[in-house]
Amino acid sequence: MCGIVGYTGRKESAPILIAGLKALEYRGYDSAGLAVEEKDGIKIVKSVGKVSALKSEVSNYTLHGTTGIAHTRWATHGKPSTINSHPHSDCLGEIAVVHNGIIENYQALKDELIKKGHTFKSETDTEVIAHLLEEKLKSVNSDYENEFLKAAAEVTKMLEGSYALGLLWKKAPNMIIGSRVKSPLVCGAGENENFLGSDVSAFNQWTRNAIYLDDYDIVVLKENEIKIYDRQLHEKYYNIIELEQGLEQSGKNGYEHYMLKEINEQPFTVRSTIEAVLKDINTAFGITKDELKNIKNILMIGCGTAYHATMVAKYWVEEFCNIPCQAEYASEYKYRKAAMPDETLAVFVSQSGETADTVSALEKARAAGFKTLSICNVFGSTLARMSDHTFYTKCGSEISVASTKAFTAQLAALFSLSVLIAESAGSISTEKKGRLLNELAKLPVAIETAVSEDGSISKLAEKYYKEKTFVFLGRNVNYPIALEGALKLKEITYLQAEGFPAGEIKHGPIALINTDMPVISIMPADSLYDKMVNACEEVMARGAKAIAVTDEKGYKLLENRVEDVIVLPNVEEYLFPFISVIALQLFAYRIAKLNNREIDQPRNLAKSVTVE
Ligand code: M6R
């Protein structure tokens, strides 16, 4: 949420900052801005809307300067507007601040600053940082660089909440200060140039050497120097990590949207993730079979789509392992007085590894002494660095705000983990483990077939895209897929979409049903197929148009009893979520396209939610 870029070196900074912002645009896109250090002071240019709007605004100026910071915003305090967009400045216009996070005590700080005579221009929490720095620096007449660093350390100690910051001061030119608490910030070490970014995509087109900052770190970047300090300003040793090739954003590859490209990548991303596990499943998750043997409880945590992956995994764990497993929303778990039983394995699932709620939930689990394992897609992310163990899904960058390929890769990892735990706990034989993993390994072929249903799903979308409300039903492992289908549809179409466990509709949701409402039921020919047929009958009796997402066997059994059918290949019943979700991703995509929505960057959302 909000993207930060910083550059200091020998090149003109503005084009580099804009390219960095473009790569970070998935983090927020309601407004953007940059600050460039020119010879006579800091020049700030901002605009409402996407980075392309900032780029055209910048073309009205002749900006010259080899040091600058920039920001793409997802509004928290203050509506999207030019005034509220970053960078923010002090009363004298000598300081520039970009910020990702929320300063929770900003109102008290602001009141104090106003009493001291400061004038605020924006409604943001961020602006207090610029004025606090101004207060600290107002009587400094020498040793500007050092004083700027000291002021940054003092100001950050006054802030409550979360922040990643990029700071410039006119009197300490060619130098950027960065700092972070609970919001990600990474440095890029180049040759005669250094970078700051919310993540490595801000700079990985220029350097592949990254330095991940820890909470409370303060970094000073100059053309030929990166120094990192702790809160007491003791210099810290740091590691430079060489970024893997090939995981960066590679464009849309001919697809109209990243979402469609990412849906189509799933046969490969699921295969790569399965291969990464099956190379040696006993070591893939970093946690040993001996450790797993003693696990008595499993806690699975995530947000949004990642949470739906944990819900599916709960069914698998309890089916194969006979160990209690809870799937929890991170945002609920972190503030709830939860039971904290011994011998718990806490599994955190996140594409970005930066979701603030999930990171806080991990902190809580660590404090309780749980073993922690993260399943993330982004190398070096906060969750990965904080967990005892990490497994990386093999998706490459997921750019579309609506998560697709990360979900199926998370499922692949979680299914394998469930099987490994089951074997370690003695609940399944080695032979059964082999059989289950063998079924998993065959999935990419079925996924390919599911993706190839795009043509028939497009036709269905043409029939239904003008509807205003959609209901999704499923049972067992397909219930979370009903929720995921509804989430996908509402995210990118802005239409009302609700997912329910099919058995629950008679307890209330059936009141929603009215004539011609599309009700999408995920119903392979499994042990609950007849129950799902009953649910279809119940909604059809009330005038709904039933759409079945089923397998070939289920299709034969249906005998034209429903309005429409999406037919997917037969797979083992516990694996159907892998392919049913693809049909629902395509359905949401096609409906959004017919409604002319901003598919990759839907309104009000951001890819990585790094604030509470
Ligand atoms: O990066 P994460 O997987 O932790 O993100 C969690 C959710 O914010 C994310 O899945 C969100 O719900 C997506 N936009 C869903 O498509």
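Out of Lys289, Lys296, Lys279, Lys314, which single residue is of a type in the set (Lys, Arg), away from the ligand (no atom under 16 Å from the Cβ) and farther than 21 Å from Leu440 by Cα?
One residue alone meets the criteria, Lys296.
Every residue in the range 294-320 that is among the charged types (D, E, K, R) and either open to solvent by less than 20 Å² (accessible area, probe 1.4 Å) or touching a strand residue (DSSP E or B) at 6+ places or on another chain (Cβ under 8 Å) (or both), please. Lys296, Lys314, Glu318, listed by residue number. Taken together, Thr82, Thr124 contain a single residue that is surrounded by 18 or more Cβ atoms within 10 Å (Cβ to Cβ) and modelled with pLDDT under 95, which is Thr124.
Can you name the residue in the range 593-612 that is basic (Lys, Arg) and more than 9 Å from the ligand (Cβ to nearest atom) and, of all such residues, is farthest from Ser198 (Cα to Cα)? Please lay out each step first, then the result.
We begin by selecting, within the range 593-612, every residue basic (Lys, Arg); these are 593, 597, 603, 607.
Filter once more, so that each one left must be more than 9 Å from the ligand (Cβ to nearest atom): 593, 597, 603.
Numbers: Lys593: 30, Arg597: 27, Arg603: 21 Å.
This residue is Lys593.
Starting from the range 480-504, take each residue that is within 24 Å of Tyr315 (Cβ to Cβ) and of a type in the set (Lys, Arg) and list its partners that are part of a strand (DSSP E or B) and open to solvent by 20 Å² or more (accessible area, probe 1.4 Å), counting only C-beta distances under 9 angstrom and pairs at least six apart or across chains. From the range 480-504, the pairs are Lys490/Gln496; Lys490/Glu498.
A quick yes/no check of all residues on (1) out of contact with any helix residue (DSSP H, G or I) (no Cβ under 9 Å at 6 or more places or on another chain); (2) away from the ligand (no atom under 11 Å from the Cβ); (3) within 19 Å of Glu262 (Cα to Cα):
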{"position": "Ala356", "(1), (2), (3)": "no, no, no"}
{"position": "Lys371", "(1), (2), (3)": "no, yes, no"}
{"position": "Asn377", "(1), (2), (3)": "no, no, yes"}
{"position": "Gly380", "(1), (2), (3)": "no, yes, no"}
{"position": "Thr390", "(1), (2), (3)": "no, yes, no"}
{"position": "Thr393", "(1), (2), (3)": "no, no, yes"}
{"position": "Ile399", "(1), (2), (3)": "no, yes, yes"}
{"position": "Leu411", "(1), (2), (3)": "no, yes, yes"}
{"position": "Ser416", "(1), (2), (3)": "no, yes, no"}
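Out of Glu223, Glu291, Glu244, one residue alone is under 19 Å from Ser352 (Cβ atoms), open to solvent by 30 Å² or more (accessible area, probe 1.4 Å) and in contact (Cβ under 8 Å) with a residue 40 or more places away in the chain. It is Glu244.
Within the range 308-326, can you find the residues that are among the hydrophobic types (A, V, I, L, M, F, W, C) and in contact (Cβ under 8 Å) with a residue 40 or more places away in the chain? Explain how you work it out, then say what you get.
Applying the first criterion (among the hydrophobic types (A, V, I, L, M, F, W, C)) to the range 308-326 yields 309, 311-313, 316-317, 320-321, 323, 325.
Correct list: Ala309, Met311, Val312, Ala313, Trp316, Val317, Phe320, Cys321, Ile323.
For the range 9-30, the count of residues that are in a strand (DSSP E or B) and either open to solvent by 20 Å² or more (accessible area, probe 1.4 Å) or in the same structural domain as Ser198 (by TED's automatic domain parsing) (or both) is zero. Across the range 324-354, the number of residues qualifying as away from the ligand (no atom under 16 Å from the Cβ) and surrounded by fewer than 20 Cβ atoms within 10 Å (Cβ to Cβ) comes to 11.
Could you tell me whether the range 489-509 includes any residue that is within 16 Å of the ligand (Cβ to nearest atom) and open to solvent by 70 Å² or more (accessible area, probe 1.4 Å)? Yes, the range 489-509 contains a residue that is within 16 Å of the ligand (Cβ to nearest atom) and open to solvent by 70 Å² or more (accessible area, probe 1.4 Å). Just the residues that are under 23 Å from the mean Cα position of the chain (by Cα), away from the ligand (no atom under 16 Å from the Cβ) and either over 24 Å from Ala546 (Cβ atoms) or of a type in the set (Val, Ile, Thr) (or both), please, taken from the range 566-592. Result: Ile579, single match. Taking the numbered list (1) open to solvent by 10 Å² or more (accessible area, probe 1.4 Å); (2) touching a residue at least 12 places away in the same chain (Cβ under 8 Å); (3) small (Gly, Ala, Ser) in turn, Ser142 passes all entries but (2). From the list Ile428, Ile421, the lone residue that is outside the structural domain of His507 (by TED's automatic domain parsing), away from the ligand (no atom under 16 Å from the Cβ), in a helix (DSSP H, G or I) and on the phi < 0 side of the Ramachandran plot is Ile421.
Screening Lys337 against (1) among the charged types (D, E, K, R); (2) in contact (Cβ under 8 Å) with a residue 40 or more places away in the chain; (3) more than 30 Å from Lys279 (Cα to Cα) leaves a single unmet condition, (2).
The values are calculated or read from the model by the stated rules, or taken from the named source; none is laboratory data. Computed from a prediction, not measured in an experiment: that's the story for all the values here. Glycine gets a Cβ as well: all are built from the backbone with ideal geometry, and neighbour counts include every protein chain shown. The accessibility values were calculated without ligands, DNA or RNA, using every heavy atom of the protein model including side chains. Shrake-Rupley method; radii C 1.70, N 1.55, O 1.52, S 1.80 Å.
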